[in-house]
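Please read the structure below before turning to the comments.
The values are calculated or read from the model by the stated rules, or taken from the named source; none is laboratory data. As the structure is a computational prediction, the values presented were derived from the model and not from experiment. Note: ideal-geometry Cβ built from the backbone for every residue, glycine included; neighbour counts use all protein chains shown. For accessibility, only protein heavy atoms count, side chains too; no ligands or nucleic acids. Shrake-Rupley method; radii C 1.70, N 1.55, O 1.52, S 1.80 Å.
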Amino acid sequence: MQLKHIIESQQFTVPLLMELFERTRQMEKVVARGGTRDYEDKIMATLFYKPSTRTRFSFEASMHRLGGKVITTERANEFSSEVRGEHLEDTIRIISNCSDVIVLRHTEEGAAKRAAQVSGVPVINAGEGAGGQHPTQALLDLYTIYKECKALNGLSVALIGALDNGRTARSLAYLLSKFERVKLYFIAPPGLQIKPDILSYLDHHRVEYELGESLEKILSQVDVVYRTHIDRERLQRRDIDLSTYNINVDTLKKMKSNAIIMHPLPRSVEIDPAVDNDPRAVYFSQSRNGLFVRMALLTLLFENE
Amino acid sequence: MQLKHIIESQQFTVPLLMELFERTRQMEKVVARGGTRDYEDKIMATLFYKPSTRTRFSFEASMHRLGGKVITTERANEFSSEVRGEHLEDTIRIISNCSDVIVLRHTEEGAAKRAAQVSGVPVINAGEGAGGQHPTQALLDLYTIYKECKALNGLSVALIGALDNGRTARSLAYLLSKFERVKLYFIAPPGLQIKPDILSYLDHHRVEYELGESLEKILSQVDVVYRTHIDRERLQRRDIDLSTYNINVDTLKKMKSNAIIMHPLPRSVEIDPAVDNDPRAVYFSQSRNGLFVRMALLTLLFENE
Amino acid sequence: MQLKHIIESQQFTVPLLMELFERTRQMEKVVARGGTRDYEDKIMATLFYKPSTRTRFSFEASMHRLGGKVITTERANEFSSEVRGEHLEDTIRIISNCSDVIVLRHTEEGAAKRAAQVSGVPVINAGEGAGGQHPTQALLDLYTIYKECKALNGLSVALIGALDNGRTARSLAYLLSKFERVKLYFIAPPGLQIKPDILSYLDHHRVEYELGESLEKILSQVDVVYRTHIDRERLQRRDIDLSTYNINVDTLKKMKSNAIIMHPLPRSVEIDPAVDNDPRAVYFSQSRNGLFVRMALLTLLFENE
């Protein structure tokens, strides 16, 4: 299995996903017994041009649980001369000289691909641009669905939020489209619905989907309720009641008894803390799965060196 | 001995303090022989909402001397979406998913307590708010007094500085009140004297104390001269000569021959560098004791998992 | 061989340089076989008062390849109370209490020397001030020349760029002056030529040199073309065509077949990426040599404890 860089969701085939998830399950066991030292000669460079403490901590903890080392910056843009015309390419070449894997968060779409072209070591896209990809988030989301629902074929999944530039929802839609008999519900306030490029992609891959503005209407039909953030300031109309998109104790009553509630976290008002103790609320273990998926990805990358 | 979190000075009983100090002495030996690898499967997350390089470095070095790993941010506030209404509680839940202990410095009083309530791993308060607590500083201060004076009962301790919002002095007063025949001198410029809540606490625990504005008057009577910072801009009167609170070669002449001079560092003009070589100046070993006390605290927390 | 601190290029004698380079060659082999764990009980503190991700990463990766630990800040100035009159000296004393080596980047010339005077552990100058030194950069430059040209005696070296406050060029000139039959060409636009203190130093040590404004004239005569940055905004005349100082495919044709092209990186327009694949372009391996030289320096410092 060739895995040289992790740039976008599209590069993952179903067999590769299954191998990844098998490896992820192994990593859960590795962590349970206190981690490993197998990768103690490896150095991860986390190069963040935009801060994201949670994503960075998840990657760095993954590396530490594998026994590896980390060098890190969360403000690469300020600490760099790139503002004066320096190439991202040169930075990557230099950093690949003193690390074994580069985890890149960048402000521009396509940055991870450019980095991979010149890097001497694997590059992992840890999120880029506003509408760009964040493939490891999508992979941990998919793993969570797989683990909680015991399947990926035949699932109905509702993606709810500001979907037009929702990196998380977009990447997950790509991944889910690879499975059979999946049905996607895109639920967004007017003006923030998912963009046509995703719909064309789904049409092309014959994936069933529905667009809607009401969460309530579809609640009883879905296996997965995936809620993301809505930036109120981007709404065109002021009369929209965003609270109808929130998850609370009433929402729970209308959901299937074995459905799950997901959220990429951090949340604001989207999910009432009163929901946290319901067994269907899986967003905290979803965040924990990030650790295991990232450990699995790292070991797959290191194997191919 | 149950030690699940380290939130405030008040939680430490005399037996627990004695156990901690015995452990701290062991840690001095552990460091002398190059540290240990006993905790190499542990990850510390240092989550600082306000920067403090010295405190952070002390915690992180403690973890490294124990063989452990560290993930760190010194600007959690900027790197977070909490400004947009995110819960500290969610952040702590996420970070406790990828670490074994969380060291939290926060801008709000009560943050460490809130964090401890939802965290799956031990939380250590590394300082919070203006008038809040900084218990590990108080513990290293107390350890320094114990080590240098060979006792805690029967001591006379002068706390000098802007005591009204002096986190260090307040926390240390709490701890000292647990010992017998302790006498506290609170020496502060007008308007910056220690607040009544501490005095009520001391009254309740029958601890002897005196309030004053003159350092010189009490210098010959005390075993410990603990000088903290005075922020000149908070003085109400402009005619106050702050230099009378400074420690210099003249001060030394008026002190007991076996008294000690402490300071939480960094200092500004409070202590003349000419004092540094006097054997009574213990502020540099006081700072070093922070390493040992924090190592001891970490091992006590890890034992109780 | 006594090496207690690394403050400036001048402290390196020819025998010490040769010992360092022999050690550096060993470190290349150590890295090739996955690093060592010999220094796992050592902690490096990287204390940067001004950010420089690349230099910091190189130092930290060196420490990790040796098995050591790192505590780090890239904004020591903001995170410090030194703005309120705190002493650098106290900071260094505190940090030397919880580390085994301090890597200091500071905004003021002379800071590393001041730090070394009070530090209980070795201090490495990682660059200071505008016209100050950056000795490890100079050492890795010299090692690169030595490795690529198989010699240091008898070389002709062109230093090109804004040489008046070019830390890199100044430090390298100091080091090269220690070798025999070296000839230096200082090529700079009007107003940015190397300062008289360096020329006096070269005169005193009987090193041959030439000053010039044209790169083209001397290209065919030199073994090393060392290009550094030119800050356009500091030029006094607007009619100067800076592109004549750039390295491109045409430049290559005029160079000796065995000459080398160096650059401290990051570059802007100074070197055309079309040059990167020419065997004479050694700037990427130059940057990689930083890792090996810094590992070698660390082991020499730790030996002398």
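For the stretch A:7-23, the set of residues classified as out of contact with any Lys or Arg (no Cβ under 9 Å at 6 or more places or on another chain), within 24 Å of A:LEU104 (Cβ to Cβ) and modelled with pLDDT of 95 or more consists of A:LEU16, A:GLU19, A:LEU20, A:ARG23, listed by residue number. Output the residue which, of all residues in the stretch C:206-242 that are touching a residue at least 12 places away in the same chain (Cβ under 8 Å) and in a helix (DSSP H, G or I), is farthest from C:TYR146 (Cα to Cα). Here the answer is C:ARG234. For the stretch C:266-295, what are the residues that are polar (S, T, N, Q) and either touching a Pro at 6+ places or on another chain (Cβ under 6 Å) or outside any helix (DSSP H, G or I) (or both)? Within the stretch C:266-295, C:SER268, C:ASN277 meet the criteria. What about B:LEU235, is it open to solvent by less than 80 Å² (accessible area, probe 1.4 Å) and over 16 Å from B:LEU159 (Cα atoms)? Yes.
Flag: A:ALA32 does not match the condition of being farther than 30 Å from A:ASP197 by Cβ and within 21 Å of the chain's Cα centre (by Cα). Scanning the stretch B:98-119 for residues that are in contact with a Phe, Trp or Tyr (Cβ under 9 Å, 6 or more places away or on another chain) and of a type outside the set (D, E, K, R), we see that the one that is modelled with the lowest pLDDT is B:THR107. Of the candidates A:ILE71, A:ILE95, the single residue that is at pLDDT 95 or above, more than 9 Å from chain B (Cβ to nearest Cβ), open to solvent by less than 20 Å² (accessible area, probe 1.4 Å) and not in a helix (DSSP H, G or I) is A:ILE71.
For every residue, the table says whether it meets (1) open to solvent by 20 Å² or more (accessible area, probe 1.4 Å); (2) in contact (Cβ under 8 Å) with a residue 60 or more places away in the chain; (3) not β-branched (Val, Ile, Thr).
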position: C:LEU152; (1), (2), (3): no, no, yes
position: C:LEU155; (1), (2), (3): no, yes, yes
position: C:ALA158; (1), (2), (3): no, yes, yes
position: C:THR168; (1), (2), (3): yes, yes, no
position: C:GLU180; (1), (2), (3): yes, no, yes
position: C:PHE186; (1), (2), (3): no, no, yes
position: C:GLY191; (1), (2), (3): yes, no, yes
position: C:TYR201; (1), (2), (3): yes, no, yes
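Restricting attention to the stretch A:124-150, the residues being over 24 Å from A:ILE271 (Cβ atoms) and either part of a loop (DSSP other than H, G, I, E, B) or open to solvent by 20 Å² or more (accessible area, probe 1.4 Å) (or both) number 4. For the stretch A:110-123, the candidate set comprises residues that are in contact with an Asp or Glu (Cβ under 6 Å, 6 or more places away or on another chain) and either within 14 Å of chain C (Cβ to nearest Cβ) or open to solvent by 20 Å² or more (accessible area, probe 1.4 Å) (or both); within that set, the residue that is farthest from C:SER58 (Cα to Cα) is A:VAL118.
Filtering the stretch B:243-264 to residues that are touching a helix residue (DSSP H, G or I) at 6+ places or on another chain (Cβ under 6 Å) and part of a helix (DSSP H, G or I) leaves B:TYR245, B:VAL249, B:LYS254. Selection of the stretch B:260-295 for residues being open to solvent by less than 30 Å² (accessible area, probe 1.4 Å), of a type in the set (Phe, Trp, Tyr) and either more than 12 Å from chain C (Cβ to nearest Cβ) or free of Cβ contacts under 8 Å to residues at least 60 places away in the same chain (or both) yields only B:TYR283. Each residue in the stretch A:232-249 was checked for being among the aliphatic types (A, V, I, L, M) and in contact with a strand residue (DSSP E or B) (Cβ under 7 Å, 6 or more places away or on another chain), and 1 pass. Applying the criterion of being more than 26 Å from A:LEU175 (Cβ to Cβ) and of a type in the set (Lys, Arg) to the residues of the stretch A:21-52, the residue that is least open to solvent (accessible area, probe 1.4 Å) is A:LYS42. If you go through the stretch A:271-284 one residue at a time, do you hit one that is within 27 Å of A:LEU104 (Cα to Cα) and of a type in the set (Gly, Ala, Ser)? There is no residue in the stretch A:271-284 that is within 27 Å of A:LEU104 (Cα to Cα) and of a type in the set (Gly, Ala, Ser).
The residues in the stretch B:203-226 that are open to solvent by less than 40 Å² (accessible area, probe 1.4 Å) and either closer than 23 Å to B:GLN10 by Cα or aliphatic (A, V, I, L, M) (or both) can be counted, and the count is 8.
To keep it simple, each residue is scored yes or no on (1) away from chain A (no Cβ under 14 Å); (2) in contact with a helix residue (DSSP H, G or I) (Cβ under 9 Å, 6 or more places away or on another chain); (3) in contact (Cβ under 8 Å) with a residue 40 or more places away in the chain.
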site: C:GLU8; (1), (2), (3): yes, yes, yes
site: C:GLU22; (1), (2), (3): yes, yes, no
site: C:MET27; (1), (2), (3): no, yes, yes
site: C:VAL30; (1), (2), (3): no, yes, yes
site: C:ILE43; (1), (2), (3): no, yes, yes
site: C:PHE48; (1), (2), (3): no, yes, yes
site: C:ARG54; (1), (2), (3): no, yes, yes
site: C:PHE57; (1), (2), (3): no, yes, no
site: C:GLU60; (1), (2), (3): no, no, no
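Annotation for the stretch A:266-273: at least one member residue is closer than 25 Å to A:ILE194 by Cα, under 17 Å from the mean Cα position of the chain (by Cα) and modelled with pLDDT under 95. Among the residues of the stretch B:244-259, is any open to solvent by less than 70 Å² (accessible area, probe 1.4 Å) and of a type in the set (Asp, Glu)? No, because not a single residue in the stretch B:244-259 is open to solvent by less than 70 Å² (accessible area, probe 1.4 Å) and of a type in the set (Asp, Glu). If B:ARG167 passes every condition in (1) at pLDDT 95 or above; (2) within 21 Å of B:GLN286 (Cβ to Cβ) but one, which one does it miss? Against the list (1) at pLDDT 95 or above; (2) within 21 Å of B:GLN286 (Cβ to Cβ), B:ARG167 comes up short only on (1).
When you check B:TYR174 against the structure, is it buried (at least 18 other Cβ atoms within 10 Å of the Cβ), closer than 16 Å to B:VAL222 by Cα and either without any contact (Cβ under 8 Å) to a residue 24 or more places away in the chain or not polar (S, T, N, Q) (or both), yes or no? No, not satisfied.
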